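The values are calculated or read from the model by the stated rules, or taken from the named source; none is laboratory data. Keep in mind it's a predicted model, so treat the numbers as computed, not measured. Every residue, glycine among them, receives a Cβ derived from its backbone with ideal geometry; neighbour counts consider all protein chains shown. Accessible surface is based on the protein model in full, side chains and every heavy atom, while ligands, DNA and RNA are left aside. Shrake-Rupley method; radii C 1.70, N 1.55, O 1.52, S 1.80 Å.
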Amino acid sequence: MKIAIAGAGIGGLAAAILIERLGHEISVFEQFHEPAPVGSGLMIQPVGLDVLRLAGAAEAVQAHATPITRVLGRSATTGRRVLDVSYGAVSGLGIHRAALFAALYDRARTLNLAWHQGHQVADCVDGQLHFADGSRSGRFDLVIDASGAGSALSPLKARTLAFGAIWGTVDWVPGVLPDDHLSQRYRRADRMIGVLPVGRMPGGDDRKAAFFWSLPQGGHDAWLRAGLRSWKDEALSLWPEAGPFIEQIVDPDQMTMARYSHGTLKKVWNDRIVFIGDAAHRASPQLGQGANMALLDAAALAHALETLPPDLALPAYGRARRWHVGIYQAFSAVFTPAYQSDSGWLPALRDHVLFPASRVPPMPRLLSRLISGTLVPPGT
């Protein structure tokens, strides 16, 4: 088939790599003149690493990433644990989005793909892409929408979440925090601070960390007006130990606002188009599954196209991913307000009921499977 992929992000690149090997003619359309990642650090779960192995990018990813064995969050006021989940036998990986992107992009560039950069997709009609400048592509047998949360093609109407976060990349400071933990501090649920070790950037030797700070959706302008010193004073009062990371933020432009939404397409295909990644489902990153979901979608779609004729492959892809996506979307919707909201009672429930319950077997093992992405079969 002639297949167009809209978007050269994590999901789009993975789909291009995995589907090209089936013998299809792949064209990749990207709005930027040179594909590039957007964002800071993220987590790759064991199920996501399995897909990267299929794509031939796991070795490059592991060379830049750092193992994460535990997610540990404490109350900023009492110091007590309020979130403590270990990965178990197989760790996750902290990695900068640029390193993950580079591993997939470098792999994709070795393949026989047609690249169309500087093409902002505005519409798709009967297998033909329409671009923002008024031009059009040829007609394709299948269009894969991997253009993310800003997709112009996806019919998904997502619900805007009350909180997002500002993210930045700083140098890792040895000996300050555990180098195999995602470390977090919370003040109720209206303040959440986190430090994630993310390994090395492409072409660099220095270890990095992603630093994030929770903000209301409309709070970025107020944060800018208050100034860095005011923010740093508050952050240091909540988490003095993180000072060596916080003090590296010397310019507001080092921190980028990420806004989150939640929603899932009931049907992830329609005629000649199929949706993967954030074009198909969006959620808070609270469970660390965003990039993994895009990778799993790409693998499931490639498997369906490999084993079934096109008219059956797209419904099979939708069925294969339905349970995994649905379960994780449900957990994300339930858990997120306990960590990012203005609620007064949800943090109390989290700290005094949910956390103690999470320490009672078999809950630790179930939570390990939840953050590893293996609570239900991923459908790939």
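Side notes on the structure shown:
- All lysines inside 30 Å of Lys267 as judged from Cα atoms, apart from same-chain residues fewer than 8 positions distant: Lys2, Lys157
- Each part gets one Cα centre, and for the range 31-71 versus the range 140-183 those centres are 12 Å apart.
- Carbon plus sulfur fraction of accessible area for the range 202-313, probe 1.4 Å, in percent: 52 percent
- Here the gap between Val353 and Ile327, fully extended at 0.36 nm per residue and compared with their Cα-Cα distance, gives a gain of 7.1 nm.
- Gap separating the Cα centres of the range 264-278 and the range 206-228, nearest whole Å: 33 Å
- Summed residue charge, Cβ within 13 Å of Val325's Cβ, Lys/Arg positive, Asp/Glu negative: +4
- Built amide H within the under 5 Å cut-off of Val82, gap 5+: Gly73, Arg74, Ser75
- Overall form of the range 17-59 per C-alpha gyration tensor (a/c, 1.5; a/b vs b/c): oblate
- Rounded percent of accessible protein surface that carbon and sulfur make up, the range 134-193, 1.4 Å probe: 46 percent
- If both residues of a DSSP beta bridge must be in the range 1-131, then about 65% of such bridges are antiparallel.
- Top positive-direction residue, dipole computed over the chain with Cβ charges, set Ser151, Val121, Thr336: Thr336
- Residues listed by number, the range 154-175, amide nitrogen under 19 Å from Met1 label point at 7 Å toward C-beta: 154-155
- Helices meeting the span-like rule in the chain (full DSSP H runs, Cα extent of at least 24 Å along the helix axis, mean Kyte-Doolittle score of -0.5 or higher): 290-307, 310-339.
- Inter-probe distance in nm under a simple model that places probes 7 Å from Cα toward Cβ, at Ala36 and Arg53: 3.4 nm
- Accessible surface calculations at 1.4 Å, restricted to protein heavy atoms, place the chain at 43 Å² per residue.
- Eligible aspartates and glutamates near Lys208 by straight Cα distance, threshold 16 Å, same-chain separation 8 or greater: Asp171, Asp179, Asp180, Glu247
- Rounded to 0.05, the FRET efficiency of the Thr110 and Glu241 pair, given R0 = 45 Å and the Cβ-Cβ distance, is 0.55.
- Unit charges on C-beta of K, R, D, E only; dipole of the range 321-380, Debye: 320 debye
- Accessible-area ranking of Leu354, Leu287, largest first, probe 1.4 Å: Leu354, Leu287
- C-alpha center-to-center spacing [the range 76-130, the range 292-317] in angstrom: 18 Å
- Looking at the range 265-374, the trypsin sites (Lys or Arg not before Pro) that sit in a DSSP loop and have at most 14 other Cβ atoms within 10 Å of their own Cβ are Lys266, Lys267, Arg359.
- Whole-Å semi-axes of the range 107-201's equivalent ellipsoid (Cα gyration tensor): 40, 21, 11
- The listed peptides 298-310, 124-136, 27-39, ordered by packing as a protection proxy, come out as 298-310, 27-39, 124-136 (highest mean of other Cβ atoms within 10 Å first).
- Estimated inter-spin distance, Asp253 and Val125, nm [label 7 Å along Cα→Cβ]: 4.1 nm
- The range 322-380 - percent of accessible surface contributed by carbon and sulfur, probe 1.4 Å: 73 percent
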